[in-house]
Amino acid sequence: MISAAMMLMACGGQTKQATSDADSTQVFEVPDTLNTVEAVVKQVDAVYAYWNEMREHYDENKPSVDERFGTKEWLQVREDAWAADRDCECGGFFDFGDEGPLDPWVYDCYEGTVSANDIEAKILSDGTVDVKFLVKDAVTPKGIPMRWQMRVEEGEWRVANIIFEKDGGIDLLASLRDYGREFKEKQAKEGEAQDAIRVNYKGEKPSLSDFITAYLAPTTGEDGECDTEYMNGIRHAWDRHRKGLKQDEGDTFTLDEKNGYAVYEYKYSEGACEFMTRIEMCLWNEADGMHKLFAYNHGFYRDGKYYPGQYDGLTFMRYNNATKSMTYHSDKGVEAVYEAKAPSIDCSFSLPRSGKDIIVSLWDENGKKTEKTLKWNGHGFSY
């Protein structure tokens, strides 16, 4: 276990101890074998050895530096930022003007062999390590100051955050997270700005069937082609259900109009594996009496366990009684689920056929699940 208040300094082969001033609410366990200055320095050197190797002999089958040495949290925020960069017409997050584009691991050191020098490592009482050093290459003899925050994950020291000391201490983890979040918020706003979906109905108010028909109606993209072909399976099953026809082999469609619930399942086998696509739809009346919430939940399963697919996810549409239309809606409870879970955890949802709450299943890497509840609060869900 980590000994509290230990400071390890590695510079020119020298070490010394001092008192740590760390104050953290989360404590990370450090095995005795890793609680040494040598282990920290060895891992920092390993990062640059791997970086140099990948630059000289790139192998797409090998993990990237981020994948090999970053924590799961670091990888998640990097992936969110990459998604934003792909949609951005600018140079991307790491376009620092005259200095960029920069590599977070080496800043702008690329000539010859890149290495970490004058390494100082301070182990804090929460089990993290604050590492400072100079990254140098053949044309940067003075080096560029870098700072890493590291913690033990998967049995080794991994980089949880990179700070650009040269640029006034830019916290990359926080900046990347904000960058990715802003992109997601922009996407959500653009989605809300799209044409609302009209819900046509007869009688005093729309039924769940009316919402299903409206939501499953084919739409076309800018090229005039159908942009929701992945929904053709459920469209076909819904059409046969409405006409009272027998479903195709492997398909089932259940509609519970009274409870505002419907589910479509498509099952098939490949070798010894059993696969299932499961799509649920549900309708809630909001407490203000002016809106309804429609949900479309897509999940894919293999041998009874969640097996994330390309189109999986929970989508909400908010219906306005006055306009008789529904628009995409972001639920804070569902967002809280994704923010709270670890990157290695997958989550699936089960909509209620009875009651009003949504069950969240959190699946670990071994296929074991833990269930949580999203509680209906009259206009959305609380987690």
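The values are calculated or read from the model by the stated rules, or taken from the named source; none is laboratory data. As the structure is a computational prediction, the values presented were derived from the model and not from experiment. All Cβ positions, even for glycine, are placed from backbone atoms using ideal geometry, and neighbour counts span all protein chains on display. Quick note on the areas: whole protein, heavy atoms, side chains included, nothing else; ligands and nucleic acids left out. Shrake-Rupley method; radii C 1.70, N 1.55, O 1.52, S 1.80 Å.
Structure summary
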| item | result |
| --- | --- |
| Residue count, segment 257-288 (criterion: buried (at least 19 other Cβ atoms within 10 Å of the Cβ), among the small types (G, A, S) and part of a strand (DSSP E or B)) | 1 |
| Top-ranked residue in segment 250-268 [being of a type in the set (D, E) and free of Cβ contacts under 8 Å to residues at least 60 places away in the same chain; ranked as farthest from M231 (Cα to Cα)] | E257 |
| Extreme residue, nearest to the chain's Cα centre (by Cα), among residues of segment 292-322 that are charged (D, E, K, R) and outside any strand (DSSP E or B) | D312 |
| Residues (in a helix (DSSP H, G or I) and either at pLDDT below 90 or among the aliphatic types (A, V, I, L, M) (or both)) located in segment 60-75 | V65, L75 |
| Residue within segment 247-256 that is in contact with a Gly (Cβ under 8 Å, 6 or more places away or on another chain), assigned to a strand (DSSP E or B) and either surrounded by 17 or more Cβ atoms within 10 Å (Cβ to Cβ) or charged (D, E, K, R) (or both) present | yes |
| Count of segment 311-359 residues which are of a type in the set (A, V, I, L, M), farther than 30 Å from K205 by Cα and surrounded by 14 or more Cβ atoms within 10 Å (Cβ to Cβ) | 3 |
| Sole exception among (1) in contact (Cβ under 8 Å) with a residue 24 or more places away in the chain; (2) farther than 22 Å from R177 by Cα; (3) touching a Phe, Trp or Tyr at 6+ places or on another chain (Cβ under 9 Å) for N35, by number | (3) |
| Extreme residue, most open to solvent (accessible area, probe 1.4 Å), among residues of segment 96-151 that are under 14 Å from D45 (Cα atoms) and among the hydroxyl-bearing types (S, T, Y) | T113 |
| Residue in segment 326-343 that is touching a helix residue (DSSP H, G or I) at 6+ places or on another chain (Cβ under 6 Å), modelled with pLDDT of 90 or more and of a type outside the set (S, T, Y) present | no |
| Matching entry among S348, S325 (being among the small types (G, A, S) and either farther than 20 Å from D210 by Cα or touching a Gly at 6+ places or on another chain (Cβ under 9 Å) (or both)) | S348 |
| Residue check for V360: of a type in the set (A, V, I, L, M), within 21 Å of the chain's Cα centre (by Cα) and in a strand (DSSP E or B) | yes |
| Cβ pairs under 6 Å, 6+ apart, first in segment 283-307 and closer than 19 Å to K258 by Cβ, second polar (S, T, N, Q) and outside any loop (DSSP other than H, G, I, E, B) | K292/N285 |
| Answer residue from segment 165-208, given it is open to solvent by less than 30 Å² (accessible area, probe 1.4 Å) and among the hydrophobic types (A, V, I, L, M, F, W, C) and is modelled with the lowest pLDDT among those | F183 |
| Members of segment 42-88 found to be closer than 23 Å to K184 by Cα and polar (S, T, N, Q), listed by number | T71, Q76 |
| Of residues in segment 209-237 being among the β-branched types (V, I, T) and at pLDDT below 90, the one most open to solvent (accessible area, probe 1.4 Å) | T220 |
| Whichever residue in segment 362-383 is of a type in the set (S, T, N, Q) and over 30 Å from D288 (Cβ atoms) and, among such residues, is least open to solvent (accessible area, probe 1.4 Å) | T370 |
| Selected residue (criterion: modelled with the highest pLDDT) from residues of segment 114-164 that are within 17 Å of P104 (Cα to Cα) and of a type in the set (S, T, Y) | S115 |
| Enumeration of residues in segment 8-59 that are open to solvent by 40 Å² or more (accessible area, probe 1.4 Å), within 21 Å of A116 (Cβ to Cβ) and modelled with pLDDT under 50 | C11, G12, G13, Q14, T15, K16 |
| Scope segment 354-383; condition small (G, A, S) and over 22 Å from L255 (Cα atoms); matching residues | S361, G367, G378, G380, S382 |
